[in-house]
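The values are calculated or read from the model by the stated rules, or taken from the named source; none is laboratory data. The structure displayed is predicted, hence computed values, not measured ones. Methodologically, a virtual Cβ is constructed for each residue, glycine included, from the backbone with ideal geometry; neighbour enumeration extends over all protein chains shown. The accessibility values were calculated without ligands, DNA or RNA, using every heavy atom of the protein model including side chains. Shrake-Rupley method; radii C 1.70, N 1.55, O 1.52, S 1.80 Å.
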Amino acid sequence: MFRYLEKLVDPYCSYPPEDRPPTELWPFLKGYARPFRKVFMVTAVFSVVVAFIEIWLISYVGRLVDVLAVTEPSQFWSQHGPEMIAVGAFLLLLRPAIQLIDVGLLNNAILPNFGTLIRWRAHNHVLRQSVGWFENDFAGRIANRIMQTPPAAGEAVFQVFDALTFAVAYVVGAAIILSDASPALVTPLLAWLLLYAGLVWWTVKRVGPASKAASDARSAVTGRVVDSYTNIHAVKMFAHTSTERDYAHEAIERSRETFQTEMRIYTRMDVGLTVINGFLIVAVVGWAIWLWSAGAATIGVVAVASSLVLRLNAMTGWIMWALTSFFRNLGIVAEGMETIAQPIDLVDRPDARPLAPGPGRICFQSVSHHYGREMGGIDRIDLTVEPGEKIGLVGRSGAGKSTLVKLLLRFYDIESGRILIDNQDISNVTQDSLRERIGMVQQDSALLHRSVRDNILYGRPDASEARMIEAAKQAEAHDFILQLSDPLGRKGYDAHVGERGVKLSGGQRQRISLARVILKDAPILVLDEATSALDSEVEASIQKTLYGMMEGKSVIAIAHRLSTIAHMDKIIVIDNGRIIEAGSHDTLLSENGLYARFWNRQSGGFINTAEAAE
């Protein structure tokens, strides 16, 4: 039974990804709810049936009171025994079966799968965003929205079927029963309903914005706290624990204030609800008693009217809380949409094809990119890297070196010009196929919080164990990997490296990154300060590995340590986003330009950019 219900909807079913999801709440939710349409309809029907059964039970109590009032005890079972047996059988057999289907659809078919579907699709959408998109937000806040939006949407759906549909059916049924008993009894019910609707409108109008503000504030707290934890080494190194505490305090206090505002609405709602429910009880029960005293109603009518309004009195708080919870959760979903529903601007063209294999010729043609600003980035770069050629990029910090590499990897779409690989415009090929052809080792060699094996195999998941170990040996990483262990007792290649690889030294992280790129064995190689985290002895050994990696590949290497690129085929000097010098190491030294000043004034093999700028 459970397994059948749980498999009614597959949360991982195929769907067409949207580059520009709906930005309005209901169209946004409608897309996620599409696989659940049939289940939702059946659940709504059973919710209504359950409500009418409860109404019928209260009505039947009135009939039972009237029957008991006019029937001799000795004749009751002979006259009404079959009816009592039928009602008992219904309550013991059929009603539990209906209830089982109702709650089973809601608890087992909808709730686990609806939230899972939203989280799965939202995560897929966010993964498709560009690097620049992630650079403009907190990873913690993005993750928080991915985590809190699905349960909020699931809770909203739960309230619709568990409370709202049930409540509407219940009120309609109560009105029918009271009208059947005495049309006059419907008047106070309708008056109460208008007052209740007014209170609902007042509450919902305020709780939505208040809930969204509270949700925003909670996300801000998460973002600040995760930022502090992620950069805990810097926090401790600069003795800024108190600064981070104050930074978090500001967001936590804002979260408390927004939550207080939200709770004030609920307090006013509860008081108003108590007042109008008192009116309902006095009006309906009092009127029923007056009708009975005038001979216009039976004792059963008084019993039914009393039972209905007392049940409504008990339900209204639950219904109101369900309504406010419904809109509060919609507010959380709306806040999550600020991340989940953001359009994906860097996409493959509809006719994009995989990058065709080739020798690895790279051509930058009048490439300009300023990140949407008037300054910064690169400006009208023309550069060709022939197959197998090794190019070194030199320049001050901010000169545009990293921008050039990011554009090659198509982390951003260039603002003007073209980048060609083997005469194929990279804007016309799929992003994945482009990046599969490029191996890159960055200065910031952050690793995944997984095993060493998983991190190295990230370069080529289908590689054999022997090939992976060989790559680690080439990167001078095998020996120290065998000595690793983690708190759970995993050792060697099975040891986990911690978030962003924090359990390893910078040099160890860099060597694992090198092993990953060695294993990938892409025809184009990009090195961004690839040996900056290594000590001199290890660097000397790794240099041989690097030159072995470069053999037969087109290479672009960024370095401040000029000794690492002095033997490149060509060195390109970039300044203020423009190429100002190009040539071999010896040629550039003889020209006595910026590169020569870098070389002459470097300290310990690094560019002294402050002096060189003079």
* Contour minus end-to-end for L68 and R3, with contour as 0.36 nm per residue of separation and end-to-end as the Cα-Cα distance? -> 18.8 nm
* To do: For the chain, calculate the relative contact order in percent as a whole number, restricting contacts to Cα pairs under 8 Å that are 6 or more residues apart.
  => 14 percent
* Asked: When the solvent-accessible surface of protein heavy atoms is calculated with a 1.4 angstrom probe, in what order do M320, M1 fall, highest first?
  -> M1, M320
* Asked: What whole-number value in cubic angstrom gives the convex hull volume per residue for the C-alpha atoms of the stretch 98-226?
  -> 125 Å³
* Ordering R119, R63 from largest to smallest accessible area (1.4 angstrom probe), what's the sequence? -> R63, R119
* Asked: Between the stretch 175-195 and the stretch 16-62, how many Å separate their Cα centres?
  -> 27 Å
* To do: Compute the separation of the alpha-carbon centres of the stretch 232-261 and the stretch 130-147 and state it in Å as a whole number.
  => 19 Å
* For the stretch 211-283, with only Lys/Arg (+1) and Asp/Glu (-1) charged at the beta-carbon, what is the dipole magnitude about the Cα centre, in debye rounded to 20? -> 80 debye
* **Kirkwood-based Rg to Rh ratio, the stretch 222-353, C-alpha trace** => 1.33
* Structure fact -> TM-like helix rule applied to the chain (DSSP H, alpha carbon span at least 30 Å on the long axis, mean Kyte-Doolittle at least -0.5) gives 37-70, 139-159, 186-230, 241-293, 299-340
* Cβ-Cβ FRET estimate between W77 and W202, R0 fixed at 60 Å, reported to 0.05 -> 0.70
* To do: With θ set to phi - 60°, apply the Karplus curve 6.51 cos²θ - 1.76 cosθ + 1.60 along the stretch 359-372 and write out the HN-Hα couplings as whole Hz, x wherever there is a Gly or Pro.
  => x, x, 7, 10, 9, 9, 10, 6, 7, 10, 7, 10, 6, x
* With DNA, RNA and ligands ignored, accessible area of Y4 (1.4 Å probe; Å², nearest 10) -> 150 Å²
* To do: Order the peptides 261-272, 10-21, 214-225 from the highest to the lowest mean number of other Cβ atoms within 10 Å of their residues.
  => 214-225, 261-272, 10-21
* Asked: Hey, if you put +1 on the Cβ of every Lys and Arg and -1 on every Asp and Glu Cβ in the chain, which of L106, A33, T261 ends up farthest toward the positive end of that dipole?
  -> L106
* Asked: What figure in square angstrom, to the nearest 10, would you give for the accessible area of K7 with a 1.4 Å probe?
  -> 150 Å²
* Based on Cβ point charges of +1 for Lys and Arg and -1 for Asp and Glu, what charge dipole magnitude is obtained for the stretch 107-188 about its Cα centre, in debye rounded to the nearest 20? -> 360 debye
* Structure fact -> Subtracting the Cα-Cα distance of L448 and D382 from 0.36 nm times their residue separation yields 20.2 nm
* Asked: What pairs in K491/K520; K30/K205; K406/K570; K401/K544; K7/K212; K212/K236 have C-alpha atoms more than 26 Å from each other?
  -> K7/K212; K212/K236
* Structure fact -> Projecting the Cα atoms of T23, S242, W321 onto the charge dipole of the chain, where Lys and Arg contribute +1 and Asp and Glu -1 at Cβ, the residue farthest towards the positive end is W321
* Expressed as a whole number of Å, what is the distance separating the alpha-carbon centroids of the stretch 276-323 and the stretch 410-488? -> 71 Å
* Rounded to the nearest 500, what is the chain's calculated 222 nm mean residue ellipticity when only DSSP H runs of at least 4 contribute -39500 (n - 2.57) each, over all residues? -> -19500 deg cm²/dmol
* Structure fact -> Rounded to the nearest whole number, the per residue volume of the convex hull around the C-alpha atoms of the chain in Å³ is 211 Å³
* Asked: Where the only charges are on Cβ atoms (+1 Lys, Arg; -1 Asp, Glu), what is the dipole of the stretch 21-156 about its Cα centre, to the nearest 20 debye?
  -> 760 debye
